[in-house]
Amino acid sequence: MLTISVSSDHAGYELRRKIADHLIELGYTVNEHGAVSATEAQSYVSAGKEAALDVSEGRADRGIVVCGTGIGISIVCNKVHGIRCALCTDEYMARMSRQHNDANVLALGARVVGYGLALSIVDSFLAEPFESGGRHQVRVNEIAEQENEYFRK
Ligand code: RB5
């Protein structure tokens, strides 16, 4: 079973806790990071980095990160080596992010999606395989080449 690293800032705290409980119930191993409550502010920058590094450094297979909109924390994750973070607002985006982009981190906006939809997006993201070996593999390889060209770890 996969290990999933979940993290959030304070705005994403309640949804992150629901996601963590949901994943544990399904049998996943969960590394949980980020805000300790919905009222004590924690930057989405430090929160996102913790989950992204878990994936980048091999401590987790996938990451799920949450902030108010999902935007800030997705930007942060996409600056970490090897991370392809997809901000999704529905199941179709989650499935495509896996099939076409081999996304390894899912970002959600707690102020954008309700709990039911969010958990459904999570399930879609974790269930969908990458269409490896074809044109999508070529694109993902291109992303890695560009990353190696322009960024350092
Ligand atoms: C926090 O108020 C909010 O700015 C943050 O959660 C996120 O939406 C930023 O992108």
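Nothing in this text is a laboratory measurement; each read-out follows from the coordinates by a stated rule. Predicted, not measured: the structure shown is a model, and the values here were computed from it. Here the Cβ positions follow ideal geometry from the backbone for every residue, glycine too, while neighbour counts run over all protein chains shown.
Tabulated data
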{"item": "Subset of the stretch 20-47 that is touching a strand residue (DSSP E or B) at 6+ places or on another chain (Cβ under 6 Å) and assigned to a helix (DSSP H, G or I) - its residue that is farthest from Gly82 (Cα to Cα)", "result": "Ile24"}
{"item": "Enumerated helices (runs of 4 or more DSSP H) restricted to the stretch 48-134, each holding at least 3 residues that are within 13 Å of the ligand (Cβ to nearest atom) and in contact (Cβ under 8 Å) with a residue 12 or more places away in the chain", "result": "71-77"}
{"item": "Search result, residues across the stretch 23-52 that are more than 26 Å from Ser124 (Cα to Cα) and of a type in the set (S, T, N, Q)", "result": "Ser37, Thr39, Gln42, Ser43, Ser46"}
